[in-house]
Amino acid sequence: MTPRTEWPLVAAEPATTSSLYAGYIVILAALPAIAGFIKSSLIGTTVFGITVRTPMAMGVVGMLMSYALGLVLVYVMALIVNALAPTFNGQKDSVQALKTIAYAWTASWVAGIFVIIPWLGWMIALAGNIYAIYLLYVGLPHTMKCPPEKAAGYTAVSILIAFVLMWIIGFIVAGVIGTAALSGAAMGGGMHITGSDGDAVTVDGDSALGKLAAMGQRAEQAGKEMDAAQKSGDSSAQSAAMGKMMGALAGSNGAVEALAPDQIKTFLPDSLGDLKRTSISAQRNGAMGMQVADATAEYSNGSQHITLEVTDTGGAKGLMAMAAAMAPEEEKETDHGYEKTYTADGHMVHEEWDSQSKSGEYSVVLGKRFTVKANGNSDSIDQLKRAVAVVDLAKLESMKNAGVKSD
């Protein structure tokens, strides 16, 4: 909680790769994996009074895979942070790089426990991830000896590479346990990392990772402003600088204000055919300059229930755009249903249907910022598609630049 005074102490501590793993990483990294298992297989997700749980065996497999791949990810990220050091005028040190990742990610690991809390859990997890980014930003000048003015770009490139790798891990785990938690993540477009001289890391500028790295350049100025704000002691200036840095990390040129609750909920109709709206809610939440808004309505005619949701990713729209660009098209079929992700009219679409339970989900991404999703039990997937179509999709997509404050 006091990173600016703690990081110098961490950097000076004697450690080895084995001691960091055995005494710290293997313990902390297990927390979100265990919490995810508890949530998915023991608590489950309740919709319309029906609780859905991942089968126990698959839940255990998913937990173990998440944990194992998470440990590998920590090591890979440490290698990347170490290799990137000379690029940002830092000093290579493999143990210090592992320290950097292990202690910065502590906030994310601990916050991952709270996914078991309904509704609010994801917000706490998001806050933990954002604070982990801040910890990395503060720690790099101490552990990797980079100039403070280079820390923002160093952080941006490191985090954006981690984002890609975590999508890949999530996709692997989801594919094994048979869930539809992710629409996918693929390292396409010629993405690669090469060592130009054994010291620096370069990327193909036309690849997806190259575009991610370009975002890091925009974080340089934001990082300088953050340093100045921290030195000034002005809390409002610090908040504004943090928002600007998070905007750069999220792929936007400035802060993005998500749609207001009263504004976003107007997209939800009073009825869906003969299904009347029984409830509606909307909220906008923000953490460290990044806002997300969503509105949810439930519709029922007694025998059928559909939930319609509109989400504005707001400050994270840059990451949403990158995720959409990397998502693969895929299709899976079972004896009683299917799941597929594809692109239609330039929009990423995900749909799934189970003919036994007469339930499914249909969602579409608009303007690389908004998502509209319908899920529940209905006559067919076509009814869920019609529910999404009732939303004024053209108007919503036309607002993709609403609230964007360019700097």
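The values are calculated or read from the model by the stated rules, or taken from the named source; none is laboratory data. Everything numeric in this text was worked out from a predicted model, so none of it was measured. Neighbour counts are summed over all protein chains in view; Cβ atoms, including those assigned to glycine, are modelled from backbone coordinates with ideal geometry. Please note that ligands, DNA and RNA were not included when accessible areas were found on the heavy atoms of the full protein model with its side chains. Shrake-Rupley method; radii C 1.70, N 1.55, O 1.52, S 1.80 Å.
Based on the Cα gyration tensor of the range 117-160, what are the three equivalent ellipsoid semi-axes, each the root of five times an eigenvalue, rounded to whole Å and given largest first? Don't jump to the answer; show the numbers that get you there.
Working: eigenvalues 148, 17, 7 Å².
In descending order the semi-axes read 27, 9, 6 Å.
Ranking Trp122, Trp109 by solvent-accessible area of protein heavy atoms (1.4 Å probe, all protein chains present), from largest to smallest, gives Trp122, Trp109. Summing Lys and Arg as +1 and Asp and Glu as -1 over all other residues whose Cβ lies under 11 Å from the Cβ of Ala260 gives a net charge of -1.
Rounded to the nearest Hz, the phi-derived 3J(HN,Hα) couplings of the range 82-96 under the Karplus curve 6.51 cos²θ - 1.76 cosθ + 1.60 (θ = phi - 60°) are 5, 5, 6, 3, x, 4, 10, 6, x, 10, 6, 7, 5, 5, 5, where x marks glycine and proline.
Computed extension length for Ile116-Ala15: 33.0 nm, one decimal, from 0.36 nm per residue of separation with the Cα-Cα distance subtracted. Ordered by solvent-accessible area of protein heavy atoms (1.4 Å probe), largest first, the residues Arg4, Arg277, Arg386 come out as Arg386, Arg4, Arg277.
For the residues Ser357, Ser303, Ser108, a 1.4 Å probe over the protein chains yields an accessible-area ranking, largest first, of Ser303, Ser357, Ser108. The value given for the range 331-394 is a Kirkwood hydrodynamic radius of 12.1 Å, derived from the mean inverse Cα-Cα separation.
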